[in-house]
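Novice: I have a structure here, written as structure tokens, and I will follow up with some questions on it.
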Amino acid sequence: MELQNLLFEKKNSIAYVTVNRPKVLNALNMATMEELRAAFTDIKNDSAIRVAILTGSGEKAFVAGADISELAKHDTVSGKEYTHRGQSVLDLIESLGKPVIACINGFALGGGCEIAMACTMRLASSNAKLVLTGDPISAEEAHRIGLVNEVTAPGELIGRAEAIAQKIIANAPLAIQYAIEAVNHGLDLPLAEGLYLEATLFGVCCATEDKKEGTTAFLEKRAASFKGK
């Protein structure tokens, strides 16, 4: 995959996606959005990858928002199409079927905050700034209001994400996928329908080879070897 605006690496069942436009604080233009689409489509289809980590290049920004030089050129029609294309990329990240951990290493403004919110988990370095109302908020305040899951020292951000990723990787991949689906879809359902969705997905899990392996390993007091089947 030839990428101009991203760094993309796979290692130890983890995919690392880094928005790599530090001169413009990793601002999002459409070329970058399409590369994100390609990268996350690849992650979705690669059974060897169990978790993705998304971050920004440099020490100042995760993603500072839209690329204003490109945004300024849009009219009503092109602006609407631009937004739809961007939304579809965020939908892909949110519904990937695999956990995506955002490592917010600096400014996450506008579209950058939206990308972070599309991820399954959000870790922020203590120097991160996020924005929802137009007024930037600190990483600590973002944690207080539940926008991010944890705040770390800047140098510990990726390491903490990798530690979480390894815990996730130890679990059955289909169970992880269906748990994410239950949460994402259940939030929009009445309680009774949400519980029905949970029971249905649990039933699907019960029919998998991994369920048999997991229960057998537990009873035999050994580590399970999950295959995602």
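The values are calculated or read from the model by the stated rules, or taken from the named source; none is laboratory data. All values derive from a computational prediction rather than experimental measurement. For neighbour counting, all protein chains shown are included, and Cβ atoms are generated from backbone atoms with ideal geometry for every residue, glycine included. In case anyone asks, the SASA skips ligands and DNA or RNA and just uses the protein heavy atoms, side chains included. Shrake-Rupley method; radii C 1.70, N 1.55, O 1.52, S 1.80 Å.
Novice: Of the listed peptides 155-164, 212-221, what is their order by residue-averaged count of other C-beta atoms within 10 Å, with the highest listed first?
Specialist: Details: 155-164: 16.4, 212-221: 11.5.
Ranked by mean Cβ neighbours within 10 Å, highest first: 155-164, 212-221.
Novice: Once amide H atoms are built 1.01 Å from N in the peptide plane, which residues 5 or more positions from LYS10, or in another chain, come under 5 Å H to H?
Specialist: Amide H neighbours of LYS10, under 5 Å, 5+ apart: TYR16.
Novice: Shifting gears a bit: Mind listing the long-range amide H neighbours of LYS129? Cut-off is under 5 Å, sequence gap 5 or more, other chains count too, H placed in the peptide plane at 1.01 Å from N.
Specialist: Those qualifying (amide H under 5 Å, at least 5 residues apart or on another chain) are GLY106, PHE107, ALA108.
Novice: Compute the long axis of helix 157-169 from its Cα atoms, compare it with the longest principal axis of the Cα atoms of the chain, and write down the angle in degrees, 0 to 90, nearest 10.
Specialist: Once rounded, the angle reads 30 degrees.
Novice: In the structure shown, do any of LYS23/LYS44; LYS98/LYS221; LYS10/LYS167 have a Cα-Cα gap over 19 Å, and if so which?
Specialist: On the way: LYS23/LYS44 29 Å; LYS98/LYS221 27 Å; LYS10/LYS167 17 Å.
Where the Cα-Cα span goes over 19 Å, the pairs concerned are LYS23/LYS44; LYS98/LYS221.
Novice: Which percentage, to the nearest 5, of the DSSP beta bridges contained in the chain is antiparallel?
Specialist: Working: 8 of 30 bridges.
Counting only bridges with both partners in the chain, antiparallel ones make up about 25 percent.
Novice: Follow-up. Can you give the relative contact order of the chain as a percent, counting alpha carbon pairs under 8 Å and 6+ residues apart? Let's see the in-between values first.
Specialist: Values: 388 pairs, mean separation 34.4, N = 229.
Once normalised by length, the contact order is 15 percent.
Novice: Sorted by packing (mean other beta-carbon atoms within 10 Å per residue), highest first, where do 44-50, 105-111 land?
Specialist: On the way: 44-50: 14.4, 105-111: 24.1.
Those peptides, ordered most packed to least, come out 105-111, 44-50.
Novice: For the chain, find the longest principal axis of its Cα atoms and tell me its angle to the long axis of helix 209-219, 0 to 90°, nearest 10.
Specialist: Helix 209-219 and the main axis of the chain meet at about 60 degrees.
Novice: How would the stretch 16-129 be classified by its alpha-carbon gyration tensor: rounded, prolate or oblate, with rounded meaning a/c under 1.5 and the a/b versus b/c comparison settling the rest?
Specialist: Oblate is the answer for the stretch 16-129, as a/c is 1.5 or above yet b/c matches or exceeds a/b.
Novice: Sort the following peptides by mean Cβ neighbour count (other Cβ atoms within 10 Å, averaged over residues), highest first: 120-129, 169-178. Walk me through the numbers on the way to the answer.
Specialist: Working: 120-129: 22.9, 169-178: 18.3.
Put in order of decreasing packing, that is 120-129, 169-178.
Novice: Going by alpha carbons, how many degrees (0 to 90, nearest 10) lie between the helix axis of 191-206 and the longest principal axis of the chain?
Specialist: 60
Novice: Quick one: accessible area per residue over the stretch 106-200, 1.4 Å probe, rounded to a whole number of Å²? Before the final figure, lay out each step's value.
Specialist: Working: 5130 Å² over 95 residues.
On a per-residue basis, 54 Å².
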